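The values are calculated or read from the model by the stated rules, or taken from the named source; none is laboratory data. In this text the structure is predicted, and so the values were computed from the model without any measurement. Quick reminder, even Gly has a Cβ in these numbers, built from the backbone with ideal geometry, and neighbours come from all protein chains shown. Just the protein is used for accessible areas: all its heavy atoms, side chains included, with ligands, DNA and RNA removed. Shrake-Rupley method; radii C 1.70, N 1.55, O 1.52, S 1.80 Å.
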Amino acid sequence: MATPLQFDHAVILVNDLEKASSDYRALGFNVFFGGAHADGKTHNSLIVFRDGTYLELLAPTNPALLDQVDPEDRSSFLFMFAHGEGFGGYALLSPNLESDVARMRQRGLAIQPRPPGGRARPDGQALRWRSAMLDGTMTPFFIQDETARNLRVPDDPDKIQHSNGVTGVAGIMVAVNNLADGILKYSAILDAPPHQQDDTTADFALGDRTISLNAPTQTDEENELHDYLAQRGEAPYKLWLWSEGGAEDGSLDVALTHGAHIELMG
């Protein structure tokens, strides 16, 4: 039976939230400030789409916090910045986090709940959620809202319209070191096998979206994917977004996306 997990959002790490928000606006996205997380160490801006998914631009509240990032310290989101700007991970929305954690543990995955999370919106509204993560990675992590989701992910018409025509997430490509291991992991996460695979890729259906695993070839140790894995480990490599007119199809400028490979699709 297919899992009820849904794609929630992708996390893009940026050093300066104001600068990154301005750059994404230059790309045609409607960007608004989300607020500060409960520990006061990180804050975010959101880019919310018509299909209910979104991009989170995550930044330290003070750049000095990045001077001594401890990748093993999970008490805040700062550990995600150990490899610099770019994709930090992505979230899958769970309707029952305890049940999904138990199911994945039964399938052999090491998954642990995180401390309850929260964020204060600029209007003072407090948000609360619970989450869990696999083996210290945020690719993916799992989230369940304790307050109404539309408080965390606003669906106001003035926030979900973008001049570049983007309407939602079409899929995400995840870099993996070993395709067979990746297939076992994602089959356990999604409770279903890939619907398509070859020697270096495997595609999993998640509702109307695709999670595509991509492994470097065994013989080519100098390709871009191999270098990416060496630098960031197994992490999102590319995000595909649906666009209805507005902007031309194709890859966005990585200087403006702060290292995140994003491609628009008509």
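The residues on offer are Gly88, Gly84, and the sole one that is surrounded by fewer than 17 Cβ atoms within 10 Å (Cβ to Cβ) and over 16 Å from Lys159 (Cα atoms) is Gly84. Scanning the range 234-266 for residues that are of a type in the set (S, T, N, Q) and part of a loop (DSSP other than H, G, I, E, B) yields a single hit, Thr257. Only one entry of Glu72, Glu98 meets the criterion of being acidic (Asp, Glu), more than 21 Å from Thr210 (Cβ to Cβ), open to solvent by 60 Å² or more (accessible area, probe 1.4 Å) and assigned to a helix (DSSP H, G or I), and that entry is Glu98. Within the range 105-137, the residues that satisfy the criterion of being farther than 19 Å from Gly35 by Cβ and touching a helix residue (DSSP H, G or I) at 6+ places or on another chain (Cβ under 6 Å) are Arg107, Leu109, Ile111, Ala132. Selection of the range 1-30 for residues being aliphatic (A, V, I, L, M) and at pLDDT 95 or above yields Leu5, Ala10, Val11, Ile12, Leu13, Val14, Leu17, Ala20, Ala26, Leu27. Filtering the range 130-149 to residues that are of a type outside the set (Gly, Ala, Ser), modelled with pLDDT of 95 or more, open to solvent by 30 Å² or more (accessible area, probe 1.4 Å) and not in a strand (DSSP E or B) leaves Glu146, Arg149. Within the range 152-191, the set of residues being over 23 Å from Gly34 (Cα atoms) and touching a helix residue (DSSP H, G or I) at 6+ places or on another chain (Cβ under 9 Å) comprises Val174, Ala175, Val176, Asn177, Ala188, Ile189, Asp191. Gln231 satisfies every condition listed in (1) open to solvent by 50 Å² or more (accessible area, probe 1.4 Å); (2) in contact with a helix residue (DSSP H, G or I) (Cβ under 9 Å, 6 or more places away or on another chain); (3) not in a helix (DSSP H, G or I) except (3). The residues of the range 172-190 that are outside any strand (DSSP E or B), crowded, with 16+ Cβ neighbours inside 10 Å and of a type outside the set (Lys, Arg), listed by number, are Val176, Leu179, Gly182, Ile183, Tyr186, Ala188, Ile189, Leu190.
Suppose we keep only residues that are under 19 Å from the mean Cα position of the chain (by Cα) and within 16 Å of Pro140 (Cα to Cα) within the range 102-121. Which one would you say is least open to solvent (accessible area, probe 1.4 Å)? So, considering only residues that are under 19 Å from the mean Cα position of the chain (by Cα) and within 16 Å of Pro140 (Cα to Cα), the one least open to solvent (accessible area, probe 1.4 Å) is Ile111.
For the range 12-35, filtering for residues that are surrounded by fewer than 23 Cβ atoms within 10 Å (Cβ to Cβ), at negative phi and in a strand (DSSP E or B) leaves 2. With the structure loaded, tell me whether Ala205 is open to solvent by 30 Å² or more (accessible area, probe 1.4 Å), closer than 18 Å to Met265 by Cβ and within 21 Å of the chain's Cα centre (by Cα) or whether it fails that test. Answer is yes for this residue. Please specify each residue of the range 234-251 satisfying the condition of being open to solvent by 30 Å² or more (accessible area, probe 1.4 Å), among the hydrophobic types (A, V, I, L, M, F, W, C) and either without any contact (Cβ under 8 Å) to a residue 24 or more places away in the chain or out of contact with any Ser or Thr (no Cβ under 6 Å at 6 or more places or on another chain) (or both). Listed by number, the residues that qualify are Trp240, Ala247.
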